[in-house]
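K.L.:
Here it is, the structure in full.
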Amino acid sequence: MGRKRYFIWMILLIVVSLILGFYTGKYYRIMGPQFNVLRSGQQKINEALDVISQNYVDTVDIHYLTESAIDKIISELDPHSSYIPASDVEAANEDLEASFSGIGIQFNMQFDTILVISIISGGPAEKAGLMPFDRIITVNDSTVAGRNIGTTKVMRMLRGPKDSKVRLGIQRGNAEELAEFELTRGDIPNNSVDVSYKVNDHIGYIKISKFSRSTYKDFLTAMAKLKQQGLTGFIIDLRDNPGGYMESAINVINEFLPKGRLIVYMEGRSYPRMESYSNGKGSSQDAPVVVLINELSGSASEIFSGAIQDNDRGLIIGRRSYGKGLVQTKLDLSDRSELLLTVARYYTPSGRCIQKEYELGKSEEYSHDIYNRFIHGEFYSADSIKMIDSLEFKTLGGRSVFGGGGVMPDIFIPRDTTGVTSYYSNIINTGVLYQFSLVYSDENHDKLKSFDNYQDLYEYLQQQPLLYEFADYAASKGIKKRPTLMNISRELIETQLYAYIVRNFFDYEGFYPIFLRDDATLQKAIEVINEGKWKPEISALYDANKEDHFILKSYDQ
């Protein structure tokens, strides 16, 4: 019996081996050429590095050459694929994480010195007793003032592992002696919803600066605050938002769409089609909504605006968005470096890919696209934007939308040039206006911090001769006084001075209501909601029975 069982097992083993051999041979017949090319390429690179290492006239850093070679290879692909060396991985990923570990301050480099602008509530700096407008002179006994240390290096010095220690030497006011502080680094929230506030009796405004891991949670908090004030219509500002985590954008969009609506889908050569649909659990499915975009709104911001537009859920107002429709995935390499590799394109619900044109290996030309748009007048006239008829798609309600590069808004708002003069451009481009706001805030700190709310501080500033003080300061920095031009630009200059000074004491809660007071795009959004014209006029009613890829066939999530 045992001998018979033995022979049966031997026969089964032989059969399985033959089957595996057949399929393995078939696989390598298919993959063989590609595998051999890849192996040949790797061998060639290794051979070249060995030859250089052994025979080059001078000693060379092979690690540096390897890093440069990888960077060069990736640069020959699309403009959004990139290589991140191991030393830069943490910093590269930190900006989109829900939190990072640091001391909890916002700072600015003023005259080569680290000037604390604000203290993050509940963070280590607040607990240790640091105050706005403290100057950081030393970090761990190393002098950092007057050494031309860049912002990136300062951030690396102040951030670090949670529970690690950092010693700071602080100059406060006119004190001759440095005050010594030892701080224990902790988790610092990385907020992406800059502000939410009431713009009139029934409309709320929310500014999303990026889509990080915490954006959805922050957005829900902002919406809850606005709804508690009785607000029923919402303006979502995605201008200058470069994107971020697509999942965060999808979660926010879901709050506005009824069940079963297509939000976005992705597809690539080796990346099977993946679709995301709304689940019907959103809290604002019927609320009036308007989305603001501009030429610097990219990626996840375009997913958001494209989904709202293609589902005819609300109006998009502003200027044509950036045009990034490529999907990157993060691939870890053995030395902990990373490749951000483009693996797919994403498509809005109507089927349009909004990635603008590019050529492999020509990232520099690609980066000039925004400048070329400006030169061709696109920022000032919608007529200068040429739509490609072959890339026409239809929204859920039958409206025409176009692919080929960015989301075109439903209502175009040109860049406002009212009050812009050569004097104004000069003070903005040189940063003198912002520098003055810091100096003025610092010199008048005791008075300005005494106000209980930004409205009172704003009213006080309007009574001060700020424009003339600023003109004197700008002249001391080499910008000649131009009274006529300054008077033309008076409103622009004063608005920004007020906004930046207020921000130093009340953060974005005070900054945006002042900075956007006369913003044409925001005013148009308020107008269309007030007049009940926030929903697109559609040429075809939605038929719930028709086969349409906008609608989810199965609701199993």
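The values are calculated or read from the model by the stated rules, or taken from the named source; none is laboratory data. Quick caveat, the model's predicted, so the values are computed rather than measured. Positions of Cβ are generated from backbone atoms using ideal geometry, with glycine treated the same way; all protein chains shown enter the neighbour counts. Ligands, DNA and RNA are stripped out before the accessible areas are found, and what is left, the full protein with its side chains, is counted by its heavy atoms. Shrake-Rupley method; radii C 1.70, N 1.55, O 1.52, S 1.80 Å.
K.L.:
Round to the nearest 0.05 the FRET efficiency obtained for LYS225 and SER400 when R0 = 56 Å and r is the Cβ-Cβ distance.
P.N.:
Plugging the Cβ-Cβ distance into 1/(1 + (r/R0)^6) gives 0.90.
K.L.:
Still on this structure, please answer the following. Report the Rg/Rh value for region 146-197, based on alpha-carbon coordinates and the Kirkwood definition of Rh.
P.N.:
Reported Rg/Rh (Cα atoms, Kirkwood Rh): 1.07.
K.L.:
Let me ask something additional. Computed FRET efficiency, Cβ-Cβ of LEU360 and LYS330, R0 25 Å: what is it to the nearest 0.05?
P.N.:
That pair, LEU360 with LYS330, gives E of 0.75.
K.L.:
Under 18 Å between alpha carbons, and skipping anything fewer than 8 positions from LYS449 in its own chain: which aspartates and glutamates qualify?
P.N.:
Partners within reach: GLU126, ASP134, GLU459, ASP507, GLU509.
K.L.:
Give me the one-decimal Kirkwood hydrodynamic radius in Å for region 463-515, with the sum taken over alpha-carbon pairs.
P.N.:
One decimal place: 11.9 Å for the Kirkwood radius.
K.L.:
Just going by the charge dipole of the chain, with Lys and Arg at +1 and Asp and Glu at -1 on Cβ, which of LEU341, GLY173, LEU522 is farthest out on the positive end?
P.N.:
LEU341
K.L.:
For region 273-405, just list the percent of Cα-Cα distances falling in each 10 Å bin from zero outward, please.
P.N.:
10, 36, 34, 15, 4, 0
K.L.:
Ok, one more. Pick out, in residue order, every one of the chymotrypsin sites (Phe, Trp or Tyr not before Pro) in region 373-428 that is DSSP loop and has at most 16 other C-beta atoms within 10 Å; say none if there are none.
P.N.:
Of the chymotrypsin sites (Phe, Trp or Tyr not before Pro), the ones in loops of region 373-428 whose Cβ has at most 16 other Cβ atoms within 10 Å are TYR380.
K.L.:
Also: Report D for the chain in µm² per second (integer): Stokes-Einstein, Kirkwood Rh on Cα pairs, 25 °C, 0.890 mPa s.
P.N.:
My calculation gives 89 µm²/s for D.
K.L.:
How large is the charge dipole for region 227-280, taken about the Cα centre, if only the Cβ atoms of Lys, Arg (+1) and Asp, Glu (-1) carry charge, to the nearest 20 debye?
P.N.:
160 debye
K.L.:
Translational D (Stokes-Einstein, µm²/s) of region 260-306 at 4 °C and 1.567 mPa s when Rh comes from the Kirkwood sum over C-alpha pairs?
P.N.:
Here the translational diffusion coefficient equals 100 µm²/s.
K.L.:
Can I ask one more? Pairs LYS356/LYS394; LYS356/LYS535; LYS394/LYS533: which are spaced more than 24 Å apart, C-alpha to C-alpha?
P.N.:
LYS356/LYS535
K.L.:
Charges on Cβ only, +1 for Lys and Arg, -1 for Asp and Glu, centred on the Cα centroid of the chain; of ALA474, VAL51, MET408, which one is farthest towards the dipole's positive end?
P.N.:
VAL51
K.L.:
A further question follows. Step through the table entries LYS217/LYS259; LYS227/LYS447; LYS198/LYS281, compare each Cα-Cα distance with 31 Å, and write down the pairs that go over it.
P.N.:
Going by Cα-Cα distance, LYS227/LYS447 fall outside the 31 Å limit.
K.L.:
What does the charge dipole of region 250-367 about its Cα centre add up to, to the nearest 20 debye, if the Cβ of each Lys and Arg holds +1 and the Cβ of each Asp and Glu holds -1?
P.N.:
Rounded to the nearest 20 debye, it is 280 debye.
K.L.:
Can you work out the FRET efficiency for the pair GLU47 and GLU267, with r the C-beta to C-beta distance and R0 = 35 Å, to the nearest 0.05?
P.N.:
Here the calculated transfer efficiency is 0.40.
K.L.:
Just name one of VAL439, TRP534, THR152: the one whose Cα is farthest towards the positive end of the charge dipole of the chain (beta-carbon charges, Lys/Arg +1, Asp/Glu -1).
P.N.:
TRP534
K.L.:
When ligands, DNA and RNA are left out and all protein chains stay put, how many square angstrom of accessible area per residue does the chain have with a 1.4 Å probe?
P.N.:
Using a 1.4 Å probe on heavy atoms only, each residue of the chain averages 53 Å².
K.L.:
Would you mind telling me the antiparallel percentage of the DSSP bridges in the chain, rounded to 5?
P.N.:
Restricted to the chain, the bridges split so that about 75 percent are antiparallel.
K.L.:
Stokes-Einstein D for region 238-333 at 20 °C, 1.002 mPa s, Kirkwood Rh over Cα pairs, in µm²/s?
P.N.:
Reported coefficient: 154 µm²/s.
K.L.:
How are the alpha carbon pair distances in region 58-213 distributed across 10 Å bins from zero to the largest one, expressed in percent?
P.N.:
So the P(r) values, bin by bin, are 9, 29, 27, 22, 11, 2, 0, 0.
K.L.:
So how much accessible area does ASP332 have, in Å² to the nearest 10, using a 1.4 Å probe?
P.N.:
Approximately 120 Å² of ASP332 is accessible to the 1.4 Å probe.
K.L.:
Another question, then. Residues in region 284-324, backbone N under 16 Å from the label point at GLU247 (7 Å along the Cα-to-beta-carbon vector): list them, ranges by number please.
P.N.:
Only 300 fall inside the zone, counting backbone N under 16 Å.
K.L.:
Could I ask something else about it? Quick one: pull the percent of accessible area on the chain belonging to carbon and sulfur, 1.4 Å probe, ligands and nucleic acids left out.
P.N.:
C and S fraction of accessible area: 52 percent.
K.L.:
A further question follows. How much of the calculated P(r) for region 174-286 lies past 17 Å, in percent of all Cα pairs?
P.N.:
65 percent
K.L.:
Compute the distance in nm between two label points, each set 7 Å from the Cα along the Cα-to-Cβ direction, one at MET155 and one at LEU296.
P.N.:
If labels sit at MET155 and LEU296, their model points lie 1.5 nm apart.
K.L.:
With +1 on each Lys and Arg Cβ and -1 on each Asp and Glu Cβ, how big is the dipole of the chain about its Cα centre, in debye rounded to the nearest 20?
P.N.:
Roughly 1840 debye, rounded to the nearest 20.
K.L.:
Tell me, how many Å apart are the Cα centres for region 244-323 and for region 433-496?
P.N.:
Spelled out, the Cα-based centre of one part sits 40 Å from the other.
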